[in-house]
Amino acid sequence: MAKEKIQYMDLLSEAIKKWEKIPPEAKEMGVAKTIAGVRGFDLLWRVVKRIEEKYHIDVKKIVEEERWKQAYKVGQELAKKYKEHGIKDLYNAFFSTYEGSDTPSRHVWFELNDTREQHWVMWCPNFQHFRNLGWTDEEIKEMAPYFCLQDVAIIKGFNSKFEVSVPARLMEGNDHCTYIVEDHGGKAEPIPEGGVRSPEEIA
């Protein structure tokens, strides 16, 4: 895609500079946090599978609802730090934290402007951590929609008016993840105290 579609090149370069200034021990803490998140989900998923096998009930819907709820709240908390909630602000609040010349997620940006962002993630540390725990690619593919839901929920929590799509995921067998966020205008709708919209309510 044409480079002119990347309006905010300065954001990318600034995020990389910030990453390069982070001490090695802080980067190691970030990796440890990612591993802890994967291990926590690993335990949750194994419990869910055991419950379903033993009692023949579908527990995955509860996992989906609770994961969405928690991640949506994270997006709301990020939004509180910004007066505006456009794509530029979303980048600064969320995507920029994964930037950097040696960051493991390796983002490739195609569009980053006021109305649309599109980027690929060429390598996913979570994917590798699940493999390190002994998960097969088929097991990861089954789990992926529930685990990866958090990214969409954070983005929608940041601005419920964003249109978000993830047409490709590494964990589902693709060679990269694709994220597309579009801002068609309009302010984010206020969320009732203690309330979190479900994926179905927001769609």
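Since every read-out is calculated from the coordinates, none of them should be taken as a lab result. Keep in mind the model is a prediction, meaning the values are calculated, not measured. Here the Cβ is made from the backbone with ideal geometry for all residues, glycine too, and neighbour counts use every protein chain on show.
If only the Cβ of Lys and Arg carry +1 and only the Cβ of Asp and Glu carry -1, the dipole of the chain around its Cα centre is close to 460 debye. To the nearest ten degrees, helix 9-21 and the longest principal axis of the Cα atoms of the chain are 60 degrees apart. For a test of the definition: using alpha carbon positions, the gyration tensor, and the 1.5 limit on a/c, classify the chain as rounded, prolate or oblate. Cα axes put the chain in the oblate bin. For the chain, the longest principal axis of the C-alpha atoms and the axis of helix 60-79 are separated by about 30°.
With 27 Å as the limit, the listed pairs 69/141; 21/81; 54/156 have 54/156 beyond it between alpha carbons.
Peptides 151-158, 108-115, 33-40, 22-29 ranked from most to least packed give 151-158, 108-115, 33-40, 22-29, packing being the mean of other C-beta atoms within 10 angstrom over each peptide's residues. As I understand it, the value is the acute angle between the Cα axis of helix 24-55 and the longest principal axis of the Cα atoms of the chain; what does it come to in degrees, rounded to 10? Approximately 40 degrees, to the nearest 10.
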